[in-house]
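The values are calculated or read from the model by the stated rules, or taken from the named source; none is laboratory data. The model shown is predicted, which means the values in this text are computed figures rather than measured ones. As a convention, Cβ positions derive from the backbone with ideal geometry for all residues, glycine included, and neighbour counts pool all protein chains shown. Accessible surface areas use protein heavy atoms only, side chains included; no ligands, DNA or RNA. Shrake-Rupley method; radii C 1.70, N 1.55, O 1.52, S 1.80 Å.
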Amino acid sequence: MLTRFEWDAAKAATNLRKHGVSFEVAVRAFADPFALTGPERVERGEQRWQTLGMVDGYLLLLVAHTVLELKADNRIVEVSVSSQPGGPTGRKGDGRKGDGRKGDVMSKKSVKHEVDLANLPPLSDKQKTELAALAARADEDIDYSDIPALTAEFWKNAERGKFYKPTKTSTTVRIDSDVLAWLRSQGKGYQSRINAILRREMLESLK
């Protein structure tokens with residue numbers, strides 16, 4: 001399943017110069033199954049979101065974005081503002097000074113980038129160097145001039161794994177007969193219920 005990201009080319013270049021984060025790297029935060037996504041603000045009638053996710057085990061990034069379209073078979077996300085690494089508080093910047101848009105329309109110099117979040121392509125040597133440099137950056141060297149701290153409301157209401165769609169693997173398990181009977185007694189889809197129960201327990205154990 002492909003997710004399409006769109007961003008303004010000029011904004012991406014500015015973000016890379018100022019914060020050292022390319023948008024090609026930033027979108028990998030959406031592949032984190034434990035990424036947190038919450039509403040940020042409404043601007044010109046458009047809901048803005050923030051997604052905080054781990055990028056390939058290197059560091060957390062906070063990506064501010066809009067969602068153009070969200071379907072069961074295809075997710076289209078517009079990354080419209082900045083992202084950058086943060087300090088030990090887990091904040092990863094979201095530059096708010098402009099977004100490369102005129103009115104409610106993205107500028108003509110836009111980039112469209114499609115990626116399968118459940119099967120990311122390998123990092124290039126350039127991207128590995130970029131992430132290593134970000135991970136090594138001291139907290140005091142991070143530019144927070146246009147970055148508000150995440151609010152308590154974000155941590156309270158953020159949705160985990162909003163954009164992550166895990167791949168399925170077939171397996172055989174042995175479970176108690178009464179457990180199976182209970183699962184089936186709730187109607188169709190007992191296998192999905194098994195997965196949901198296991199995922200809930202996994203997430204709880206990782207808190």
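Yes or no: residue 172 farther than 22 Å from residue 12 by Cβ and either part of a helix (DSSP H, G or I) or of a type in the set (S, T, N, Q) (or both)?
yes
Listed residues 10, 35; which is aliphatic (A, V, I, L, M), touching a residue at least 60 places away in the same chain (Cβ under 8 Å) and open to solvent by 40 Å² or more (accessible area, probe 1.4 Å)?
10
Could you count how many residues in the range 38-77 are open to solvent by 70 Å² or more (accessible area, probe 1.4 Å), over 20 Å from residue 139 (Cα atoms) and modelled with pLDDT of 80 or more?
4
Taking the options 52, 59, name whichever one is in contact (Cβ under 8 Å) with a residue 12 or more places away in the chain, farther than 17 Å from residue 112 by Cα and more than 10 Å from the chain's Cα centre (by Cα).
Step by step, each of 52, 59 is checked, and only 59 is in contact (Cβ under 8 Å) with a residue 12 or more places away in the chain, farther than 17 Å from residue 112 by Cα and more than 10 Å from the chain's Cα centre (by Cα).
So the check is Cβ under 6 Å with 6+ separation or different chains; which pairs have a first residue in the range 100-117 that's within 23 Å of residue 43 (Cβ to Cβ) and open to solvent by less than 40 Å² (accessible area, probe 1.4 Å) and a second one that's aliphatic (A, V, I, L, M) and modelled with pLDDT of 55 or more?
Between residues of the range 100-117 that are within 23 Å of residue 43 (Cβ to Cβ) and open to solvent by less than 40 Å² (accessible area, probe 1.4 Å) and residues that are aliphatic (A, V, I, L, M) and modelled with pLDDT of 55 or more, the close pairs are 100/10.
Which members of the range 13-32 meet the condition of being open to solvent by less than 10 Å² (accessible area, probe 1.4 Å) and aliphatic (A, V, I, L, M)?
Hits for the range 13-32 are 21, 25, 26, 27, 29.
Quick one: in the range 134-170, of everything that is closer than 23 Å to residue 120 by Cβ and without any contact (Cβ under 8 Å) to a residue 12 or more places away in the chain, which residue is least open to solvent (accessible area, probe 1.4 Å)?
136
In a helix (DSSP H, G or I), out of contact with any helix residue (DSSP H, G or I) (no Cβ under 7 Å at 6 or more places or on another chain) and open to solvent by 100 Å² or more (accessible area, probe 1.4 Å), is that true of residue 200?
Against the criterion (in a helix (DSSP H, G or I), out of contact with any helix residue (DSSP H, G or I) (no Cβ under 7 Å at 6 or more places or on another chain) and open to solvent by 100 Å² or more (accessible area, probe 1.4 Å)), residue 200 qualifies.
Evaluate the range 170-179: report whether one residue or more is of a type in the set (Gly, Ala, Ser), at pLDDT 90 or above and farther than 17 Å from residue 58 by Cβ.
Yes - at least one qualifying residue is present in the range 170-179.
What number of residues within the range 12-37 are more than 19 Å from residue 141 (Cβ to Cβ) and charged (D, E, K, R)?
Of the residues in the range 12-37, 3 are more than 19 Å from residue 141 (Cβ to Cβ) and charged (D, E, K, R).
I'm told residue 189 meets every condition in (1) open to solvent by less than 90 Å² (accessible area, probe 1.4 Å); (2) within 29 Å of residue 66 (Cβ to Cβ); (3) not aromatic (Phe, Trp, Tyr) except one. Can you identify the failing condition by its number?
For residue 189, the failing item is (2).
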